[in-house]
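The values are calculated or read from the model by the stated rules, or taken from the named source; none is laboratory data. Note that the structure is a prediction, hence the values are computed from the model and not measured. Cβ placement follows ideal geometry from the backbone for every residue including glycine, while neighbour counts extend to all protein chains displayed.
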Amino acid sequence: MTDLAFAEDARIVEAQQRLIDSDPSGLPLVSLAFDRAGLAARRIIKRKLEEEEQAAVRAVNASSQRAPVRGADATA
Amino acid sequence: MKFLRNQWYTAATSTELGAKPLARTICNEPLVIFRAEDGTVAVLTDRCPHRKAPLSSGEVVGNDIQCGYHGIRFAADGACTHVPGNVPVGRNFRARCFPAREVHGLIFVWLGEAALADPALIPDFGENVKPGWTGVHGMLYVKANYQLLIDNILDLTHVVFVHKTTLAGGGVAETPLQVEIDGDMVRAQRLMHNVDTAPIYKAARNLHGKIDRWQFLEFRPPIYARITLGAREAGSDLPFGTPTHVVLNSFTPETERTTHISGRRCAPGGSTTPAFRRPTRT
(Lines give C-alpha, C1' and ligand atoms only; values in the text may rest on other atoms or scores of the structure.)
Protein backbone atom coordinates (compact mmCIF):
# COMPACT_ATOMS: atom_id res chain seq x y z
CA MET A 1 0.00 0.00 0.00
CA THR A 2 2.82 2.40 0.79
CA ASP A 3 4.35 1.44 -2.57
CA LEU A 4 1.14 2.47 -4.23
CA ALA A 5 1.21 5.73 -2.29
CA PHE A 6 4.77 6.39 -3.52
CA ALA A 7 3.66 5.82 -7.11
CA GLU A 8 0.70 8.15 -6.62
CA ASP A 9 3.02 10.88 -5.31
CA ALA A 10 5.41 10.40 -8.23
CA ARG A 11 2.57 10.72 -10.74
CA ILE A 12 1.27 14.03 -9.42
CA VAL A 13 4.71 15.58 -8.79
CA GLU A 14 6.01 14.65 -12.27
CA ALA A 15 2.92 16.23 -13.81
CA GLN A 16 3.47 19.30 -11.64
CA GLN A 17 7.09 19.59 -12.89
CA ARG A 18 5.95 19.37 -16.53
CA LEU A 19 3.38 22.11 -16.00
CA ILE A 20 5.82 24.36 -14.15
CA ASP A 21 8.28 23.98 -17.05
CA SER A 22 5.67 24.73 -19.70
CA ASP A 23 3.96 27.59 -17.83
CA PRO A 24 4.37 30.82 -19.79
CA SER A 25 2.81 32.98 -17.05
CA GLY A 26 5.92 33.38 -14.92
CA LEU A 27 3.72 33.34 -11.83
CA PRO A 28 5.44 31.88 -8.76
CA LEU A 29 4.18 28.92 -6.73
CA VAL A 30 1.81 30.05 -4.00
CA SER A 31 2.29 28.81 -0.44
CA LEU A 32 -0.77 28.32 1.76
CA ALA A 33 -0.86 27.58 5.47
CA PHE A 34 -0.41 23.84 5.00
CA ASP A 35 2.69 24.46 2.82
CA ARG A 36 4.49 26.08 5.77
CA ALA A 37 6.84 23.19 6.47
CA GLY A 38 7.83 22.86 2.80
CA LEU A 39 8.33 26.61 2.56
CA ALA A 40 10.56 26.53 5.65
CA ALA A 41 12.59 23.73 4.05
CA ARG A 42 13.03 25.78 0.88
CA ARG A 43 14.15 28.81 2.90
CA ILE A 44 16.73 26.75 4.82
CA ILE A 45 18.13 25.30 1.57
CA LYS A 46 18.28 28.81 0.04
CA ARG A 47 20.09 30.22 3.09
CA LYS A 48 22.59 27.35 3.14
CA LEU A 49 23.25 27.79 -0.58
CA GLU A 50 24.02 31.46 0.04
CA GLU A 51 26.32 30.50 2.94
CA GLU A 52 28.18 28.01 0.71
CA GLU A 53 28.55 30.60 -2.04
CA GLN A 54 29.88 33.21 0.40
CA ALA A 55 32.35 30.68 1.84
CA ALA A 56 33.53 29.83 -1.69
CA VAL A 57 34.04 33.54 -2.50
CA ARG A 58 35.99 34.00 0.76
CA ALA A 59 38.18 30.99 -0.07
CA VAL A 60 38.95 32.37 -3.53
CA ASN A 61 39.81 35.80 -2.09
CA ALA A 62 42.01 34.26 0.60
CA SER A 63 43.94 32.13 -1.89
CA SER A 64 44.46 35.05 -4.27
CA GLN A 65 45.94 37.05 -1.37
CA ARG A 66 48.32 34.23 -0.56
CA ALA A 67 49.46 33.74 -4.14
CA PRO A 68 52.98 35.08 -4.68
CA VAL A 69 53.19 38.10 -6.93
CA ARG A 70 55.39 37.39 -9.90
CA GLY A 71 58.64 39.28 -9.64
CA ALA A 72 57.96 40.52 -6.11
CA ASP A 73 60.63 40.39 -3.45
CA ALA A 74 60.45 36.97 -1.80
CA THR A 75 61.04 38.50 1.62
CA ALA A 76 58.16 41.00 1.37
CA MET B 1 20.01 25.86 -10.29
CA LYS B 2 22.71 25.24 -7.73
CA PHE B 3 22.86 22.37 -5.30
CA LEU B 4 24.41 22.28 -1.85
CA ARG B 5 27.83 20.64 -2.11
CA ASN B 6 28.94 20.29 1.51
CA GLN B 7 26.33 17.68 2.34
CA TRP B 8 26.01 13.92 2.47
CA TYR B 9 23.77 12.64 -0.31
CA THR B 10 22.24 9.18 -0.40
CA ALA B 11 23.89 7.67 -3.46
CA ALA B 12 22.62 4.10 -3.50
CA THR B 13 21.44 1.28 -1.30
CA SER B 14 24.03 -1.26 -0.16
CA THR B 15 22.14 -4.04 -1.91
CA GLU B 16 22.16 -2.16 -5.23
CA LEU B 17 25.94 -2.27 -5.35
CA GLY B 18 27.08 -5.68 -6.50
CA ALA B 19 30.35 -6.69 -8.08
CA LYS B 20 29.80 -4.33 -10.99
CA PRO B 21 30.42 -0.59 -10.74
CA LEU B 22 27.31 1.57 -10.53
CA ALA B 23 26.92 4.77 -12.53
CA ARG B 24 24.81 7.44 -10.85
CA THR B 25 24.53 11.14 -11.46
CA ILE B 26 24.05 13.24 -8.32
CA CYS B 27 23.57 17.01 -8.48
CA ASN B 28 24.66 16.94 -12.13
CA GLU B 29 27.90 15.19 -11.14
CA PRO B 30 28.38 11.87 -12.99
CA LEU B 31 29.75 9.40 -10.44
CA VAL B 32 30.92 5.82 -10.43
CA ILE B 33 30.31 3.90 -7.23
CA PHE B 34 32.16 0.65 -6.73
CA ARG B 35 32.91 -1.85 -4.02
CA ALA B 36 36.56 -2.78 -3.75
CA GLU B 37 37.61 -6.37 -3.09
CA ASP B 38 38.22 -5.42 0.56
CA GLY B 39 34.53 -4.48 0.85
CA THR B 40 34.92 -0.71 1.10
CA VAL B 41 32.88 1.57 -1.10
CA ALA B 42 34.54 4.19 -3.26
CA VAL B 43 33.10 7.02 -5.33
CA LEU B 44 35.00 8.64 -8.18
CA THR B 45 34.00 10.95 -10.97
CA ASP B 46 32.68 8.80 -13.79
CA ARG B 47 34.95 10.57 -16.30
CA CYS B 48 38.23 8.83 -16.98
CA PRO B 49 40.92 11.57 -16.95
CA HIS B 50 42.30 10.03 -20.15
CA ARG B 51 39.53 10.56 -22.74
CA LYS B 52 36.56 11.17 -20.42
CA ALA B 53 35.00 7.79 -21.12
CA PRO B 54 32.81 6.45 -18.30
CA LEU B 55 34.84 4.48 -15.76
CA SER B 56 31.57 2.72 -14.90
CA SER B 57 31.67 0.97 -18.28
CA GLY B 58 34.57 -1.07 -16.93
CA GLU B 59 34.97 -3.40 -14.00
CA VAL B 60 36.39 -3.72 -10.52
CA VAL B 61 39.85 -5.29 -10.47
CA GLY B 62 41.04 -5.98 -6.93
CA ASN B 63 40.56 -2.74 -5.05
CA ASP B 64 40.70 -0.62 -8.21
CA ILE B 65 38.34 0.30 -10.99
CA GLN B 66 39.41 -0.37 -14.55
CA CYS B 67 38.10 1.93 -17.26
CA GLY B 68 36.00 0.13 -19.86
CA TYR B 69 37.68 1.96 -22.74
CA HIS B 70 41.48 1.52 -22.43
CA GLY B 71 41.81 -0.48 -19.23
CA ILE B 72 43.46 2.26 -17.16
CA ARG B 73 43.00 1.56 -13.42
CA PHE B 74 42.34 3.89 -10.52
CA ALA B 75 42.38 3.24 -6.79
CA ALA B 76 39.61 4.30 -4.38
CA ASP B 77 41.44 7.60 -3.78
CA GLY B 78 41.53 8.28 -7.51
CA ALA B 79 45.25 7.57 -7.96
CA CYS B 80 46.16 5.90 -11.24
CA THR B 81 47.52 2.44 -10.44
CA HIS B 82 47.96 0.86 -13.85
CA VAL B 83 48.17 1.86 -17.50
CA PRO B 84 48.31 -0.89 -20.11
CA GLY B 85 51.82 -1.18 -21.54
CA ASN B 86 53.09 0.81 -18.54
CA VAL B 87 52.82 4.00 -20.54
CA PRO B 88 54.06 6.85 -18.31
CA VAL B 89 51.47 9.37 -17.04
CA GLY B 90 51.80 12.72 -15.32
CA ARG B 91 51.51 13.13 -11.54
CA ASN B 92 48.20 14.95 -11.90
CA PHE B 93 46.71 12.13 -13.94
CA ARG B 94 44.09 10.90 -11.48
CA ALA B 95 40.33 10.56 -11.16
CA ARG B 96 38.51 12.92 -8.83
CA CYS B 97 37.56 11.14 -5.63
CA PHE B 98 34.57 11.88 -3.40
CA PRO B 99 34.31 10.94 0.29
CA ALA B 100 31.92 8.01 0.70
CA ARG B 101 30.49 6.11 3.66
CA GLU B 102 28.32 3.04 3.96
CA VAL B 103 26.02 3.10 6.96
CA HIS B 104 22.48 1.91 7.79
CA GLY B 105 22.28 -0.07 4.55
CA LEU B 106 22.90 3.01 2.42
CA ILE B 107 25.85 4.52 0.60
CA PHE B 108 26.43 8.24 1.11
CA VAL B 109 28.61 10.57 -0.89
CA TRP B 110 29.95 14.03 -0.06
CA LEU B 111 30.21 16.31 -3.08
CA GLY B 112 31.94 19.30 -1.52
CA GLU B 113 35.19 19.95 0.28
CA ALA B 114 36.59 16.62 1.46
CA ALA B 115 38.02 18.16 4.65
CA LEU B 116 34.49 19.02 5.81
CA ALA B 117 33.04 15.52 5.22
CA ASP B 118 32.25 14.64 8.83
CA PRO B 119 30.51 11.22 9.01
CA ALA B 120 28.65 12.46 12.13
CA LEU B 121 26.61 14.66 9.79
CA ILE B 122 25.06 11.66 7.99
CA PRO B 123 21.33 11.74 8.82
CA ASP B 124 19.84 8.99 10.94
CA PHE B 125 18.51 6.06 8.94
CA GLY B 126 18.91 3.82 11.99
CA GLU B 127 15.57 2.03 11.64
CA ASN B 128 16.92 0.52 8.40
CA VAL B 129 19.03 -1.84 10.46
CA LYS B 130 17.44 -1.65 13.92
CA PRO B 131 16.89 -5.10 15.47
CA GLY B 132 13.18 -5.86 15.63
CA TRP B 133 12.38 -3.45 12.84
CA THR B 134 11.55 -4.66 9.40
CA GLY B 135 10.62 -2.91 6.26
CA VAL B 136 10.71 -2.57 2.54
CA HIS B 137 13.29 -0.53 0.79
CA GLY B 138 12.96 0.96 -2.62
CA MET B 139 14.77 3.31 -4.93
CA LEU B 140 12.47 5.34 -7.09
CA TYR B 141 13.37 7.60 -9.98
CA VAL B 142 11.12 10.60 -10.37
CA LYS B 143 11.17 13.18 -13.14
CA ALA B 144 10.75 16.21 -10.89
CA ASN B 145 12.87 18.65 -8.94
CA TYR B 146 13.76 17.39 -5.47
CA GLN B 147 12.20 20.43 -3.80
CA LEU B 148 8.79 19.53 -5.23
CA LEU B 149 9.20 16.12 -3.58
CA ILE B 150 10.17 17.71 -0.27
CA ASP B 151 7.09 19.94 -0.51
CA ASN B 152 5.06 16.78 -1.08
CA ILE B 153 6.39 14.86 1.91
CA LEU B 154 6.15 17.84 4.27
CA ASP B 155 2.54 18.56 3.41
CA LEU B 156 0.52 15.51 4.25
CA THR B 157 -2.70 17.39 3.50
CA HIS B 158 -2.38 15.89 0.03
CA VAL B 159 -2.93 12.35 1.31
CA VAL B 160 -6.68 12.98 1.38
CA PHE B 161 -6.75 13.67 -2.35
CA VAL B 162 -3.79 11.82 -3.85
CA HIS B 163 -3.96 8.67 -1.73
CA LYS B 164 -7.70 8.00 -1.57
CA THR B 165 -7.31 4.22 -1.43
CA THR B 166 -4.43 4.07 1.05
CA LEU B 167 -3.59 6.84 3.46
CA ALA B 168 -6.64 9.11 3.25
CA GLY B 169 -8.72 9.30 6.36
CA GLY B 170 -10.81 11.65 8.41
CA GLY B 171 -9.27 14.67 10.06
CA VAL B 172 -6.11 15.02 7.97
CA ALA B 173 -7.07 18.06 5.93
CA GLU B 174 -9.08 19.60 8.76
CA THR B 175 -6.37 19.37 11.43
CA PRO B 176 -3.81 22.15 11.20
CA LEU B 177 -0.17 21.18 10.73
CA GLN B 178 1.95 22.50 13.59
CA VAL B 179 5.35 23.59 12.30
CA GLU B 180 8.52 24.30 14.27
CA ILE B 181 11.77 25.53 12.77
CA ASP B 182 14.81 24.58 14.81
CA GLY B 183 17.99 25.94 13.20
CA ASP B 184 18.41 23.95 10.00
CA MET B 185 15.70 21.49 10.90
CA VAL B 186 11.97 21.64 10.22
CA ARG B 187 9.63 19.67 12.44
CA ALA B 188 5.94 19.39 11.82
CA GLN B 189 3.16 17.40 13.36
CA ARG B 190 -0.51 16.77 13.00
CA LEU B 191 -2.32 15.18 15.93
CA MET B 192 -5.82 13.86 15.33
CA HIS B 193 -8.33 12.53 17.80
CA ASN B 194 -11.43 10.46 17.18
CA VAL B 195 -11.33 10.61 13.38
CA ASP B 196 -12.39 8.14 10.70
CA THR B 197 -9.89 5.38 9.98
CA ALA B 198 -7.87 5.15 6.76
CA PRO B 199 -7.62 2.18 4.35
CA ILE B 200 -4.02 1.57 5.38
CA TYR B 201 -4.97 1.24 9.05
CA LYS B 202 -7.84 -1.09 8.21
CA ALA B 203 -5.45 -3.35 6.31
CA ALA B 204 -2.33 -3.07 8.46
CA ARG B 205 -3.73 -2.59 11.94
CA ASN B 206 -7.28 -3.87 11.73
CA LEU B 207 -8.61 -0.48 12.86
CA HIS B 208 -12.07 -0.09 11.39
CA GLY B 209 -13.83 2.45 13.60
CA LYS B 210 -12.80 5.82 14.96
CA ILE B 211 -9.08 6.25 15.52
CA ASP B 212 -6.58 8.62 17.05
CA ARG B 213 -3.87 9.31 14.53
CA TRP B 214 -0.51 11.07 14.56
CA GLN B 215 1.93 12.28 11.92
CA PHE B 216 5.38 13.58 12.86
CA LEU B 217 7.65 14.99 10.16
CA GLU B 218 11.28 15.93 10.40
CA PHE B 219 13.27 17.51 7.59
CA ARG B 220 16.98 18.16 7.46
CA PRO B 221 18.39 19.89 4.41
CA PRO B 222 18.99 19.15 1.75
CA ILE B 223 17.42 15.73 1.31
CA TYR B 224 16.39 13.95 4.49
CA ALA B 225 12.81 13.49 5.64
CA ARG B 226 11.73 11.21 8.46
CA ILE B 227 8.03 10.57 8.79
CA THR B 228 6.68 8.86 11.88
CA LEU B 229 3.09 7.71 11.63
CA GLY B 230 0.78 5.93 13.96
CA ALA B 231 -2.76 5.27 14.98
CA ARG B 232 -4.75 3.57 17.72
CA GLU B 233 -8.35 2.76 18.34
CA ALA B 234 -9.77 6.06 19.59
CA GLY B 235 -9.01 6.45 23.28
CA SER B 236 -7.23 3.06 23.63
CA ASP B 237 -4.25 2.33 25.89
CA LEU B 238 -1.50 2.51 23.24
CA PRO B 239 0.47 5.63 24.19
CA PHE B 240 -0.36 8.49 21.83
CA GLY B 241 2.54 9.05 19.45
CA THR B 242 3.85 5.45 19.44
CA PRO B 243 5.43 4.92 16.02
CA THR B 244 3.70 2.25 13.99
CA HIS B 245 5.40 3.20 10.73
CA VAL B 246 8.59 5.11 10.14
CA VAL B 247 9.17 6.25 6.58
CA LEU B 248 12.75 7.31 5.94
CA ASN B 249 13.18 9.22 2.72
CA SER B 250 15.99 10.89 0.95
CA PHE B 251 15.53 12.96 -2.16
CA THR B 252 18.84 13.01 -3.98
CA PRO B 253 18.85 15.36 -6.96
CA GLU B 254 20.10 13.82 -10.18
CA THR B 255 19.54 17.00 -12.19
CA GLU B 256 17.32 20.07 -11.77
CA ARG B 257 14.42 18.01 -13.05
CA THR B 258 15.11 14.47 -11.89
CA THR B 259 15.48 12.91 -8.44
CA HIS B 260 16.52 9.58 -6.95
CA ILE B 261 14.28 8.79 -4.00
CA SER B 262 15.46 6.31 -1.47
CA GLY B 263 12.53 5.33 0.66
CA ARG B 264 12.27 2.81 3.41
CA ARG B 265 9.09 1.97 5.25
CA CYS B 266 9.88 0.43 8.58
CA ALA B 267 7.72 -0.91 11.36
CA PRO B 268 8.52 -2.55 14.65
CA GLY B 269 7.79 -6.26 14.59
CA GLY B 270 7.21 -8.62 11.69
CA SER B 271 7.32 -7.79 8.05
CA THR B 272 4.07 -9.53 7.27
CA THR B 273 1.75 -6.60 7.82
CA PRO B 274 -0.16 -5.96 4.60
CA ALA B 275 1.05 -2.37 4.55
CA PHE B 276 4.49 -3.53 3.54
CA ARG B 277 3.53 -6.03 0.90
CA ARG B 278 4.35 -4.88 -2.55
CA PRO B 279 1.22 -4.52 -4.64
CA THR B 280 0.83 -7.52 -6.90
CA ARG B 281 1.01 -6.51 -10.50
CA THR B 282 -1.42 -8.18 -12.85
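Worth a mention:
- Contact map, region B:144-158: residues that are in contact (Cβ under 8 Å) with a residue 40 or more places away in the chain paired with residues that are of a type in the set (Asp, Glu) and part of a helix (DSSP H, G or I), Cβ distance under 7 Å, separation 6+ or inter-chain. Pairs shown: B:144/A:14.
- When residues in region A:21-38 are screened for being at the interface with another protein chain (Cβ under 8 Å from one of its Cβ atoms) and either exposed (fewer than 13 other Cβ atoms within 10 Å of the Cβ) or within 15 Å of residue B:147 (Cα to Cα) (or both), 6 of them pass.
- Test: residue in region B:224-243 that is more than 11 Å from chain A (Cβ to nearest Cβ), within 30 Å of residue B:15 (Cα to Cα), over 13 Å from the mean Cα position of the chain (by Cα) and among the charged types (D, E, K, R): no
- Taking region B:191-217 as the range and being within 16 Å of residue B:151 (Cα to Cα) and crowded, with 20+ Cβ neighbours inside 10 Å as the test, the residues that pass are B:215, B:217.
- Residue count for region B:145-196 satisfying the condition of being within 7 Å of chain A (Cβ to nearest Cβ), under 24 Å from residue B:233 (Cα atoms) and assigned to a helix (DSSP H, G or I): 1.
- Answer from A:71, A:38, A:26 - the residue that is within 27 Å of residue B:182 (Cβ to Cβ) and either modelled with pLDDT under 95 or not hydroxyl-bearing (Ser, Thr, Tyr) (or both): A:38
- Among the criteria (1) surrounded by fewer than 19 Cβ atoms within 10 Å (Cβ to Cβ); (2) closer than 19 Å to residue B:180 by Cβ, the one residue A:16 does not fulfil is (2).
- Looking across B:62, B:90, one residue alone is of a type outside the set (Asp, Glu), at pLDDT 95 or above and surrounded by fewer than 18 Cβ atoms within 10 Å (Cβ to Cβ). It is B:62.
- Counting the residues of region B:13-54 that are modelled with pLDDT of 95 or more and either in contact with a Ser or Thr (Cβ under 7 Å, 6 or more places away or on another chain) or in a strand (DSSP E or B) (or both) gives 22.
- Qualifying residue in region B:156-164 (condition: more than 30 Å from residue B:54 (Cβ to Cβ) and surrounded by fewer than 16 Cβ atoms within 10 Å (Cβ to Cβ)): yes
- Residues satisfying the stated conditions in region B:69-127, i.e. touching a strand residue (DSSP E or B) at 6+ places or on another chain (Cβ under 9 Å), under 17 Å from residue B:221 (Cα atoms) and among the aliphatic types (A, V, I, L, M): B:109, B:111, B:116, B:117, B:121, B:122
- Any hit, region A:1-9, residues being facing chain B (nearest Cβ under 7 Å), assigned to a loop (DSSP other than H, G, I, E, B) and either surrounded by 10 or more Cβ atoms within 10 Å (Cβ to Cβ) or modelled with pLDDT of 90 or more (or both): yes
- For residue B:106, the requirement of being in contact with a Ser or Thr (Cβ under 7 Å, 6 or more places away or on another chain), away from every other protein chain (no Cβ under 14 Å) and aliphatic (A, V, I, L, M) is met.
- Output for region B:62-76, where each listed residue is of a type in the set (D, E, K, R) and without any contact (Cβ under 8 Å) to a residue 24 or more places away in the chain: B:73
- Here is the figure for region B:205-248: residues that are of a type outside the set (Ser, Thr, Tyr), farther than 28 Å from residue B:120 by Cβ and in a loop (DSSP other than H, G, I, E, B) total 10.
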